[in-house]
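The values are calculated or read from the model by the stated rules, or taken from the named source; none is laboratory data. Everything numeric in this text was worked out from a predicted model, so none of it was measured. Here Cβ is always computed from backbone atoms with ideal geometry, including for glycine, and neighbour counts include all displayed protein chains. We work out accessible area using only protein heavy atoms, side chains counted, and drop any ligands, DNA or RNA first. Shrake-Rupley method; radii C 1.70, N 1.55, O 1.52, S 1.80 Å.
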Amino acid sequence: MQRHPNAFDKLYTKMIAAGEVAGVLDMILQRLAEFLEKAAKLKRKIVGAMIYPAVVIGVAFTIVAGIMIFIVPKFTKIFNDFDTTLPDLTLLLMNFSQWLGGGLLEGGSGIPGILFVMCIPFLLYFLSQLARKSEPGKLAIDTAMLKLPVMGKLVGKTAVARMTRTLGTLVRAGVPILDAINITRETTGNYVYQKALNAVHDSVRQGDSFAEPLRRSKTVDSIVVNMIDVGEETGDLDKMLLKIADNYDDEVDTLVESLVSLLEPIMVVVLGGIVGFIVVALFLPLVKLIQGVQS
């Protein structure tokens, strides 16, 4: 299995090796299956919750872009024919529409700004991957992710659930604690927690506590540290770690539901504001023209 790392990662092979040595391979395979199923279930839940907002935002972006590129320029032509002084709000909308569409309806030769807007996500992804090649870059990005409103809590709790479940599963399988910490550190997916596990690894290697360096890192809640402390004292570290993982999985479920409920009104308000801005900017000159015709 170790000769095929693309199919079997270190977590998988270390647990299998421990099961072979202890003669409990069937039990280890069962635990490994449970671990992978729970990890996959959590991932599906988060991805599934993000599909609805992503679709709504994508459709809304397409509609607004269509209005700005194809509808607003027609109003611009009407206003130019009347040769009237336009409000600043309308001028701002018209200039942005001209930049966004690059004069597509007038046969302009400029590069449409919509192309730049569409390239922004890819540019941000490329820059983030470039920054992750250095330790300061990884630390800065992952720290920023943890400090995001609402999403930061989701990222943090997901990382803690994954970290404790991986470590608890490895310890229960009989993998030596230092090896278990090393494997967990490589699979945590967040550099902030990797640094915390570095400190834990050094502390355990020197014969000190598991919980104390975790407490000093301030990366997890105090209840997590206290439960790990109790687990060390009673010799039930694996049980405590898995209990923490179960609790945090439940909290992640609640957070995902709250996030979806929060996104809906936010999207309505934002989209309403954008449409309202376009309507007001277009109708202000029309009202002025109608008043001029009446007088």
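Values computed for the structure shown
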| read-out | value |
| --- | --- |
| Tally, over region 229-274, of residues that are touching a residue at least 24 places away in the same chain (Cβ under 8 Å), over 18 Å from the mean Cα position of the chain (by Cα) and either over 24 Å from THR158 (Cβ atoms) or buried (at least 18 other Cβ atoms within 10 Å of the Cβ) (or both) | 9 |
| Boolean, VAL175 is at pLDDT below 85 and in contact with a Ser or Thr (Cβ under 8 Å, 6 or more places away or on another chain) | no |
| Some residue of region 66-80 being touching a Pro at 6+ places or on another chain (Cβ under 6 Å) and either open to solvent by less than 40 Å² (accessible area, probe 1.4 Å) or modelled with pLDDT of 85 or more (or both) | yes |
| Residue within region 204-217 that is in contact with a Lys or Arg (Cβ under 8 Å, 6 or more places away or on another chain), closer than 20 Å to LEU146 by Cβ and either open to solvent by 30 Å² or more (accessible area, probe 1.4 Å) or modelled with pLDDT of 90 or more (or both) present | yes |
| Top-ranked residue of region 276-295 - restricted to ones that are small (Gly, Ala, Ser) and more than 13 Å from THR76 (Cα to Cα), ranked as modelled with the highest pLDDT | GLY276 |
| Any hit, region 89-97, residues being closer than 29 Å to GLY292 by Cβ, touching a residue at least 12 places away in the same chain (Cβ under 8 Å), open to solvent by 90 Å² or more (accessible area, probe 1.4 Å) and among the hydrophobic types (A, V, I, L, M, F, W, C) | yes |
